[in-house]
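A.B. asks: There's a structure below that I have some questions on.
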Amino acid sequence: MLRALAQPTIDHRGPTFAALGREVLERLQRVFQTSGPVVIYPSSGTGAWEASLVNTLSPGDTVLMFETGHFATLWRDMAVRLGLNVEFVPGDWRHGVDPDILHSRLADDRERAIKAVAVVHNETSTGVTTLVGEVRRQMTAANHPALLLVDTISSLGSIEYCHDEWGVDVTVAGSQKGLMLPPGLGFNAISEKALAASRSARLPKAYWDWQPMTRDNKSGFFPYTPATNLLYGLREALEMLLEEGLPRVFARHARHAEATRQAVRGWRLEILAANPLEYSNSLTAVVVPQPHDADRVRQTILDRFDMSLGTGLGKLKGRVFRIGHLGDFNDLMLAGTLSGVEMGLSICGVPFNRGGVMAALDYLSVATPGSPRLTGPSPHRAPEFTSQVSAQSDPRDNVG
Ligand SMILES: Cc1ncc(COP(=O)(O)O)c(C=O)c1O
């Protein structure tokens, strides 16, 4: 990957570039699971959020959004700043979008004032997913014509996602998570309905405008200077994902996520996500028992073991740390990560049960990759394995 990124930058108006452009755009469609256009911006994920809104909506349009966590809240703030009228359904940051609330909001909207429903597939701040297929089912059940916009910034390439099958109109993504790249690329996958909406949408747009992008992309080019070296990396990342096969990639993350949860349960700590059907396979947020400060645990682990865990964002500051298990990740990386956490908890005097690492290792030894036992009823859920170690009483158990 680093070698791919380090290749010399070529003329982005020349024929070699056009081949690169066409190749990444075609492979991206396979990862988004769409036959429609995917556009690439030289931007962070926030830019791709903005592109999804300004291309499809007009000033004063109503957007239905859900407070599932920090990133859903930031997307709401952006929509408000752009002059949209946001209905923001409050949430406790431990659940995804509630399908019943969604259905009743849409059914009550007899004037069809709601022009878009915008949800975050995987809340990176909480480790909670929203079941996007269920969101689409409720929109269809309410016979509501709103567009469906979905943020997959921390799920694409890690958790099963089907833009076309789930009837998503705009999928927002970024390069720096499941696509394993440095930050700097933002993506929109676009349905025909969203493209049609963009022809009459009146929010101001220039840099983010889909029209010149989709026009020039047809021949592999971009309307302005693309991030050529990141596109080299993207070609490599897409090759890696498609070579492994998306079902295997998703199963790998499901297995590492379940092993992580086995560790958390083994430590007798709390997983922030409240509903097992909504567990994230990209990351796990772990609640640190008060009065202990999660950021002190993180800082200790960084200082002692040079390992950086995710911090608690927004109202979770100091309350949780987040273990990432997405991207190019394997069993021994996870074993090292969990060992660092267990040592850090111990050094900081957090009350926990030793043995979480052993529980995870037991799980990883039994649940071999491709094991039929990993095929649970939900794409977000692997079956539970009982750990012999965590089931034993441990003399080192320091939970009072
Ligand atoms: C789910 C989600 N949405 C949006 C963003 C914002 O993306 P960026 O920081 O790349 O602008 C992030 C960043 O981590 C994210 O995790």
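Laboratory data are not the source of any read-out in this text; all were calculated from the coordinates shown. Every value quoted in this text rests on a predicted model; they were computed, and no experiment measured them. Counting neighbours? That spans all protein chains shown, and the Cβs are built from the backbone with ideal geometry, glycine included.
A.B. asks: Using only Cα positions of the chain, each an equal point scatterer, no hydration layer, compute I(q)/I(0) via Debye at q = 0.10, 0.12 Å⁻¹ and quote the log10 values to two decimals.
C.D. replies: Evaluating at q = 0.10, 0.12 Å⁻¹ gives log10 I(q)/I(0) of -0.68, -0.96.
A.B. asks: Something else: Taking 1 over the mean of 1/r across every pair of different Cα atoms in the range 158-269, what Kirkwood radius in Å do you get?
C.D. replies: After inverting the mean inverse Cα-Cα distance, the result is 16.9 Å.
A.B. asks: Moving on to the next point. Using the structure shown, list the pairs from Lys177/Lys315; Lys177/Lys317; Lys115/Lys205; Lys177/Lys218 with a Cα-Cα distance above 25 Å, or answer none.
C.D. replies: Those over the limit are Lys177/Lys218.
A.B. asks: So what J values fall out for the range 212-220 if you push phi through Karplus, 6.51 cos²θ - 1.76 cosθ + 1.60 with θ = phi - 60°, rounded to Hz, Gly and Pro as x?
C.D. replies: x, 5, 5, 5, 6, 4, 4, 9, x
A.B. asks: Two decimals is fine: what is log10 I(q)/I(0) at q = 0.21 Å⁻¹ for the range 72-212, from a Debye sum with one equal scatterer on every Cα and no solvent?
C.D. replies: -1.63
A.B. asks: Does the range 225-356 classify as rounded, prolate or oblate by the C-alpha gyration tensor (a ≥ b ≥ c root eigenvalues; a/c under 1.5 gives rounded; else a/b over b/c gives prolate, otherwise oblate)?
C.D. replies: Verdict is prolate for the range 225-356.
A.B. asks: What FRET efficiency comes out for the pair Ser200/Arg3, r = Cβ-Cβ distance, R0 = 56 Å, nearest 0.05?
C.D. replies: 0.80
A.B. asks: If I fit a long axis through the Cα atoms of helix 15-32 and take the longest principal axis of the Cα atoms of the chain, what angle between them do I get, 0 to 90°, rounded to 10?
C.D. replies: Once rounded, one gets 60 degrees.
A.B. asks: Still on this structure: Suppose the chain between Lys218 and Arg112 were pulled fully straight at 0.36 nm per residue; how much longer would it get relative to their current alpha carbon spacing?
C.D. replies: Taking 0.36 nm per residue and subtracting the Cα distance, the gain is 34.7 nm.
A.B. asks: Using only the alpha-carbon atoms of the range 242-315, report the extent along each of the three principal axes, biggest first, to the nearest angstrom.
C.D. replies: 43, 29, 26
A.B. asks: Something else: If you line up the long axis of helix 132-141 against the longest principal axis of the chain, both from Cα atoms, how many degrees apart are they, to the nearest 10?
C.D. replies: Approximately 50 degrees, to the nearest 10.
A.B. asks: If you take the alpha carbon radius of gyration of the range 1-71 and divide it by 2.2 N^0.38 Å, what ratio comes out, to two decimals?
C.D. replies: Ratio of Rg to 2.2 N^0.38 Å for the range 1-71: 1.51.
A.B. asks: Given only helices, namely DSSP H runs of n ≥ 4 each adding -39500 (n - 2.57), what is the per-residue ellipticity at 222 nm of the chain, to the nearest 500 deg cm²/dmol?
C.D. replies: Roughly -12500 deg cm²/dmol at 222 nm, from the helical runs in the chain.
A.B. asks: Can you give the log10 of the normalised intensity I(q)/I(0) at q = 0.16, 0.18, 0.23, 0.27 Å⁻¹, computed with Debye over equal Cα scatterers of the range 83-152?
C.D. replies: Relative scattering, expressed as log10 I(q)/I(0), comes to -0.54, -0.68, -1.09, -1.39.
A.B. asks: Compute the helix-to-body angle for 356-366: its Cα long axis versus the longest principal axis of the chain, expressed 0 to 90° and rounded to tens.
C.D. replies: It is inclined by approximately 70 degrees.
A.B. asks: Okay, next question. Determine, from the Cβ-Cβ distance of Ser365 and Met240 and an R0 of 25 Å, the FRET efficiency 1/(1 + (r/R0)^6), rounded to the nearest 0.05.
C.D. replies: The calculated FRET efficiency here is 0.45.
A.B. asks: Take Asp77 and Ile10, extend 7 Å from each Cα along the Cα→Cβ direction, and tell me the distance between the two endpoints in nm.
C.D. replies: Here the answer is 4.1 nm between the modelled labels.
A.B. asks: Can you give the alpha-carbon Rg of the range 131-177 over 2.2 N^0.38 Å, where N counts its residues?
C.D. replies: Dividing the Cα radius of gyration by 2.2 N^0.38 Å gives 1.18.
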